[in-house]
Every structure is written in C-alpha cells, then in structure tokens.
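Values in this text are rule-based calculations from the coordinates and carry no lab data. The model shown is predicted, which means the values in this text are computed figures rather than measured ones. Neighbour counts are summed over all protein chains in view; Cβ atoms, including those assigned to glycine, are modelled from backbone coordinates with ideal geometry.
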C-alpha cells in the first residue's frame, strides 16, 4: 500500500474545504433565488455569482457594487467557513498523521495555499462590471483563515503544541505562566462575548413589538422572510460585538453622527432590518443602563473564581487573574472592530465601534474584574464549599492517582528535559539554570513526551510517555 504523505492530503483538504463552503452557499443561493419569485428574474448564473460573492465576503473581502462599497463581514458565515476548515484539517490528520514538526508545518502551509488558490480563482471569475470583490482582502482573509483555523486544528489533533510552547521565550516558569494566562484569557473573552450576545437577544425580546411592526410593514413573501432570517442569523455575531462595545462604555455607531451607549442614544433613520429593532430609542438613557457597565468585570471575576476551583491548588493566583482579564479585554476590544464596517458611501458608511477606545475601556474593566476575582477566589471557594456547591475534580499527580493527570499537553523532549532540570535545581537549591530552550539531554529520548504543564513544578513522580511506551520516572 502506498504511503499517503500528510502534506499531499492537506493540500487536498484545503482545496476541498474551499469548494465545500462554496458549494453549500451555491445551493442556498439557488434555492433562495427560486423562492423569491420562482425564477422570474435573472438565472442560475446570477445566483451562483451571488454565492461566490458571499463566500468571498465571509472571508473578509469587501464588495463594490455599482460603484458603492460594502465592507461588513458577516461573522456568522465566517464561523461556518472556519468550521469547514477545522473539520477538513482533522480529516487530513486522521488519514495520515504528520511524522514530525517539520512535516506538520509543511502540511499546514500546503493546506492554506490550496485554499488561497481556490479563493483567488473564484474572485477573478466572480468579478464583473457591476460587482467586484477586493482581491487584496481576498488574499489576506483566505490566507489568514486557513493558517489560524487549519493550523490550530492540526495541532489539536496531533497534540504537537510544542511547535508553539518550545518557541516561547523565558524559563519553564515563564512558559507555564503564559500557558495558564492564555487559557484563562480565552475563557474570559468567550464569557464577555457571550454576555454581549445575551444583551442583543434580551433587547430583541424587549422590542418584540417594534420588530413585528417592522416586518408587517414590509409585506414580505415567504421566500423574502426566509432570506431575511438567514441574513439576520449570519450577522448576529456582529451584533454581539457591537453589544460588547455597549457594555464596555464607549458604545457604537449606526450611521454617521450617531451613537448608542449606556449614557445616551443619538440615532437617525436606520434601515428596516430585524436586528436593528433591538436599538433603544433616542434620548437620555434610563439610569439603570449604567449598571450594565458592571457586566464585563463581574463576568470576568466569575470566570476567574470558577477556574480557580478547577485548577491544581497553588497554580493560579491574583496575578494570573489580572493578566488574563487585561489580555482578554484588550483582544476583545480590538476584535470588536470586526463587527462593523461600511454599508455604502452615504449615511450608513459608519457602522460599528471604535476598537481602540473599546479595547482601552475593556482592558481596565476586565483587568479589574480579573484582579478582584483572583483575590477573592480562595474566599469564594470556601463560601461555595460551605453552601454545598460541589468542587470540580482537580487533576492530581500520577504518583497519587496511579495514572497521568487528566489535563495533559504534548510537549517536546527538549521542554521535558527543561522541566526535569528545573525540579533538580530546586531540590538541590541551585541558582544557576539551563539557558532557555537548551538542547535536550540524554534523558529526553527521541519521541513525543506527554506531561502536565500545570503540574510541571510540583515535586512528584509523573508518568512520561517516551516513543509510545509508558514508564514512571522520578521527576523530583
């Protein structure tokens, strides 16, 4: 049987992911075109061209139609394309797992280039005198998306995170701290974003009457209503990012010269679009809306406390909470800019948040929440224990559990050797340490080593897998 090199299958998977997403949108476009007026206007080629434009816009391309630029990226569509990329990369790994880090990186590169090639061809074929995607943004988005999503999928499937961890600067303690803070920051980011999504849905519920009146006034057919519903769903993640800007304080704009914030609302005429029914009325905001500014720090503190209860004792403190909250706020604030864009050159040419301003406000807000959560986590854990809230299971060292820890991270022999030497030096009271990322010693044999970064500095025996054979080594 012929060997199936991973880079070859990754190339097929990258092209297949692009074609699969395009095919799915083509089916939706053709069905929508037929439902709209039973095919009375245009033909299937027009529907397929719309599908191609939508696929390109979902990857970050702006679209110029009849001389007017539209630059809002429907993030729901982007998420669906990312899911296809993730599954395609996992498919390639399942058929032929890369043998080493070099083949892994080469495979991700081929996966991304194949996806990019399909995107460029589609962009060229979809360009007409009336509608033209931005080729520069097509190249950037169609390269960045498969590199990030496909690369993460491959690393997750192969557990070769050492490609990243081995290149982090600093000693073992620094690497551990970065890994912990990054994981906690990701949880905080998702929680605050979820709070923004809940804000949108609750506001829609409170303005259900306005939404019903808006839809009734348009006298939509079944096909039109279905198309409007699909469009609303794919831009719902955008609305959640705008709501994050609202919860942060600066708010967002829905048209030139407008602002929507917890302090005041200034609006002009807005399009009759379902999600815009969630907007509050113009004028001074009620007093209770200022209380919404407490949502990001409270959510952050809750995430830090919850994570503290799940972590190995002594591995998380207030410094991790502060750093994770600040990083999450900064990143989410900058990402809030992805929720907006230009809808034409007129009044709706300004839509979205000011990402730098939102990032600054969130950095302070979620950073403070992370600090408070980290300080109060031990007390909160004791209170929860007293009221009978069960504590989640915590990973324990192999010497106590009889097996490896529940949470493991695959690292390279070089990093495993650094972990062992750090323990020896601490046990001997040594002050001189091995230079960061020094070559592995003879104890780190060829093969992948699986240890727990969370427990890397604990004085305990740990199960280490060398070349597929498990053996217990004394790490003290």
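Where the alpha-carbon atoms of the stretch 196-298 are placed on the principal axes, they occupy 43, 26, 24 Å, in descending order.
Ranked by the mean number of other Cβ atoms within 10 Å of their residues, highest first, the peptides 239-246, 141-148 come out as 239-246, 141-148.
Enclosing the Cα atoms of the stretch 101-147 in their convex hull gives a volume equal to 49 cubic angstrom per residue.
Shown is the FRET efficiency for residue 90 and residue 197, computed with R0 = 30 Å from the Cβ-Cβ distance and rounded to the nearest 0.05: 0.70. Using C-alpha pairs under 8 Å with a sequence gap of at least 6, the mean separation divided by the residue count of the stretch 180-332 gives a relative contact order of 35 percent. Packing order of peptides 191-203, 361-373, highest average first: 361-373, 191-203 (average count of other Cβ atoms within 10 Å over each peptide's residues). Counting beta carbons within 10 Å around each of 108, 121 and listing the fewest first gives the order 121, 108. Model label sites at residue 228 and residue 68, defined 7 Å from Cα along the beta-carbon direction, differ in position by 1.8 nm. Label-to-label distance for residue 218 and residue 264 is 3.1 nm, based on points extended 7 Å past Cα in the beta-carbon direction. Among 178, 57, the ranking by other beta carbons within 10 Å of each residue's beta carbon, starting with the fewest, stands as 178, 57. Note on residue 101/residue 211: beta-carbon distance plugged into 1/(1 + (r/R0)^6) with R0 of 45 Å gives a FRET efficiency of 0.30. Taking all C-alpha pairs of the stretch 76-160, those more than 20 Å from each other amount to 37 percent.
The Cα center of the stretch 196-252 and the Cα center of the stretch 93-169 differ in position by 32 Å. Of the Cα atoms belonging to the stretch 6-158, the radius of gyration and Dmax stand at 16.4, 56 Å. Projection of the Cα convex hull of the stretch 173-386, averaged over all directions and equal to a quarter of that hull's surface, yields 14.2 nm². A Förster radius of 51 Å combined with the Cβ-Cβ distance from residue 284 to residue 121 puts the calculated FRET efficiency at roughly 0.45.
The protection proxy used here, the mean number of other Cβ atoms lying within 10 Å of each residue, ranks peptides 78-88, 216-226, 24-34, 325-335 as follows, highest first: 325-335, 78-88, 24-34, 216-226. With Cα atoms as the point set, the radius of gyration and Dmax of the stretch 7-80 evaluate to 14.2, 47 Å.
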